[in-house]
1. Taking only pairs six or more apart or across chains, which ones have beta-carbon atoms under 9 Å, a first residue in segment 379-393 that is without any contact (Cβ under 8 Å) to a residue 60 or more places away in the chain, and a second residue that is acidic (Asp, Glu)?
2. Give all pairs with beta carbons closer than 9 Å in which a residue from segment 101-117 that is in contact (Cβ under 8 Å) with a residue 40 or more places away in the chain and closer than 19 Å to residue 306 by Cα meets a residue that is surrounded by fewer than 20 Cβ atoms within 10 Å (Cβ to Cβ) and of a type in the set (Lys, Arg); count only pairs at least 6 apart in sequence or on separate chains.
3. Can you tell me which residue among 188, 210, 152 is out of contact with any strand residue (DSSP E or B) (no Cβ under 8 Å at 6 or more places or on another chain) and not basic (Lys, Arg)?
4. Residues of segment 99-123 being among the small types (Gly, Ala, Ser) and within 26 Å of the chain's Cα centre (by Cα), which ones?
5. Is it the case, given these coordinates, that residue 76 is outside any strand (DSSP E or B), touching a strand residue (DSSP E or B) at 6+ places or on another chain (Cβ under 8 Å) and either touching a residue at least 24 places away in the same chain (Cβ under 8 Å) or not assigned by TED's automatic domain parsing to the domain that holds residue 369 (or both)?
6. Would it be correct to say that residue 218 is under 27 Å from residue 163 (Cα atoms) and either among the polar types (S, T, N, Q) or outside the structural domain of residue 190 (by TED's automatic domain parsing) (or both)?
7. Taking residue 246, is it in contact (Cβ under 8 Å) with a residue 60 or more places away in the chain, outside the structural domain of residue 293 (by TED's automatic domain parsing) and crowded, with 17+ Cβ neighbours inside 10 Å?
8. Can you find a residue that is in a loop (DSSP other than H, G, I, E, B), in contact with a helix residue (DSSP H, G or I) (Cβ under 8 Å, 6 or more places away or on another chain), in the same structural domain as residue 377 (by TED's automatic domain parsing) and buried (at least 20 other Cβ atoms within 10 Å of the Cβ) anywhere in segment 433-454?
Amino acid sequence: MAGITLTSAVRQNLLSLQSTASLLSETQNRLSTGNKVNSALDNPTNFFTASSLHSRSSDINNLLDGIGNGVQILQAANTGITSIQKLVDSAKSIANQALQTTVGYTKSSITSLATTGATASNLLGPSGAPTTAAFTGAAAVNNLTTPGTLTGATKLSGGANSDSLTTSFAANDTLTVNGQTLTFKASGASGANEINITDDVTALLGKIDGLTGATGSTVTAGKLVINTGTASDLTITSSAAAPLAALGLSTGVTQARTAGSAPALQGKVLTIGATGGGTASSITFGTSAGQVDTLDKLNTALSTNNLQASIDTTGKLTITTTNDAASANIGTVGGTASTTSTVGFNGQSVVNAVKDPTSQATRASLIAQYNQVIDQIETTAKDSSFNGVNLLNNDTLKLTFNETGTSKLSISGVSFGPGGLGLSKLTAGTDFTDNAAANKTLASLTTASTTLRSQASSFGSNLSVVQIRQDFSKSLINVLQTGASNLTLADTNEEAANSQALSTRQSIAVSALSLANTAQQGVLQLLR
């Protein structure tokens with residue numbers, strides 16, 4: 001007011017009091033808000049810097065929700081993969097059960113003509129070495145005491161009127177067979193080179209065959225028929241000439257071997273078309289390099305064509321399909337081993353595979369179980385979603401990690417239904433029919449397992465990245481908010497002390513103002 005005049009002292013004290021009141025109001029405002037910078041007027045630099053930091057912190061915090069959803073989407077996918085892996089393992093178990101059931105077919109086979117002399121160790125039949133020949137000893141009637149005919153039961157020594165040699169062998173007599181000595185014993189003979197004098201002609205012929213390597217020496221029509229072996233000619237002498245002559249062998253005999261015939265299958269070729277997805281076979285019988293002369297070698301050659309062979313005592317070869325290809329029929333049989341009239345497979349027909357209804361019914365039941373598992377794989381893959389995103393159904397997860405959108409991660413989904421894993425439902429009568437079909441399914445399941453493990457590893461790596469960025473964002477928000485607070489927050493202890501000091505100053509100012517007004521109060525007293 002222009003008409004009111006204050007003294008200099010009063011005016012000075014009044015200004016001081018106003019300043020103190022202003023400072024006290026500011027301090028109380030800081031205490032009430034906790035901030036030392038509440039507007040741009042307080043500190044423009046700190047205010048706008050803190051505001052920027054708070055804005056960035058808020059933007060990143062908003063992104064955290066999306067990052068958190070990304071973590072859950074990846075975990076949902078991983079949970080789906082884990083469940084699908086268990087279902088694949090269950091399908092493997094069913095396929096293995098099919099392998100363990102009875103083969104679902106009477107297998108296809110073909111049997112050769114008999115090959116005389118063929119064995120597992122020599123499929124070619126008689127070798128090219130000399131064959132045995134027989135020496136026939138003429139046994140005169142007067143060689144025997146009774147009954148007048150030489151038999152296998154004729155004793156080598158014995159009393160009168162018994163079926164024994166006229167001149168008997170005695171202990172320590174010897175018989176030399178192909179250079180090997182056979183000694184006659186009174187009793188207790190043992191081994192290949194001893195015989196008792198009380199034994200009969202059959203026993204003697206057995207000992208001779210044992211020393212020559214021959215078989216089948218016998219007595220025919222009162223005469224000895226002694227075979228040579230294939231290793232050497234036959235030579236028999238004795239230290240006892242009379243008993244030897246009593247056998248019809250005079251003073252000793254020699255019989256040469258005769259030349260052998262060519263092996264029955266030597267040089268013959270057997271071809272068999274591809275069987276059950278195997279590799280066609282072309283086999284040459286013989287003893288040269290790359291040729292086949294034993295059953296083991298034949299089976300090795302047939303193994304790549306899902307075939308196996310066996311041989312019986314008459315020399316017949318039977319070739320059948322393996323369990324893996326039990327439902328297949330043997331491929332076309334050809335080659336010279338199938339056209340020679342007396343050996344091999346000439347005129348022999350392939351017996352086709354025949355289904356076993358009981359076994360096939362069991363396998364059909366396993367197929368039904370398998371198909372149920374495939375259905376569950378389909379539904380599990382479709383159900384592995386979170387918030388509408390399913391990484392197992394070809395969806396893509398896109399995540400943004402910063403407020404400018406320059407830090408991103410895109411995770412491509414996969415199709416992990418049965419089709420995406422290379423699996424499909426099976427058909428009864430077509431699948432699981434034999435071990436090869438079951439093994440084919442197992443191979444597909446093994447590939448699916450490998451694919452699942454690989455993708456689980458990929459998702460796990462992505463989940464680790466997302467979780468690391470999630471933790472980083474949380475820490476960064478804390479850094480930003482702390483930095484903003486450091487720019488604007490008030491020190492309450494300091495402000496409380498300031499408030500107390502300003503209150504004291506205000507009280508002093510009021511007192512000073514009162515003193516400044518003392519003179520005017522005196523004038524007022526005079527006027528009264």
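1. Once the first residue is without any contact (Cβ under 8 Å) to a residue 60 or more places away in the chain and sits in segment 379-393, its partners that are acidic (Asp, Glu) give 388/395.
2. If the second residue must be surrounded by fewer than 20 Cβ atoms within 10 Å (Cβ to Cβ) and of a type in the set (Lys, Arg), the pairs left are 104/355; 105/355; 106/355; 111/316; 112/316.
3. Working: 188 fails: out of contact with any strand residue (DSSP E or B) (no Cβ under 8 Å at 6 or more places or on another chain); 152 fails: out of contact with any strand residue (DSSP E or B) (no Cβ under 8 Å at 6 or more places or on another chain).
The match here is 210.
4. 104
5. Numbers: outside any strand (DSSP E or B): yes; touching a strand residue (DSSP E or B) at 6+ places or on another chain (Cβ under 8 Å): yes; either touching a residue at least 24 places away in the same chain (Cβ under 8 Å) or not assigned by TED's automatic domain parsing to the domain that holds residue 369 (or both): yes.
So residue 76 passes the test.
6. Yes: the conditions hold for residue 218.
7. Answer is yes for this residue.
8. Yes, the conditions are met somewhere in segment 433-454.
The values are calculated or read from the model by the stated rules, or taken from the named source; none is laboratory data. For clarity, every value in this text was computed on a predicted model and none was experimentally measured. In this analysis, Cβ positions are derived from the backbone assuming ideal geometry, glycine residues included, and neighbour counts consider all displayed protein chains.
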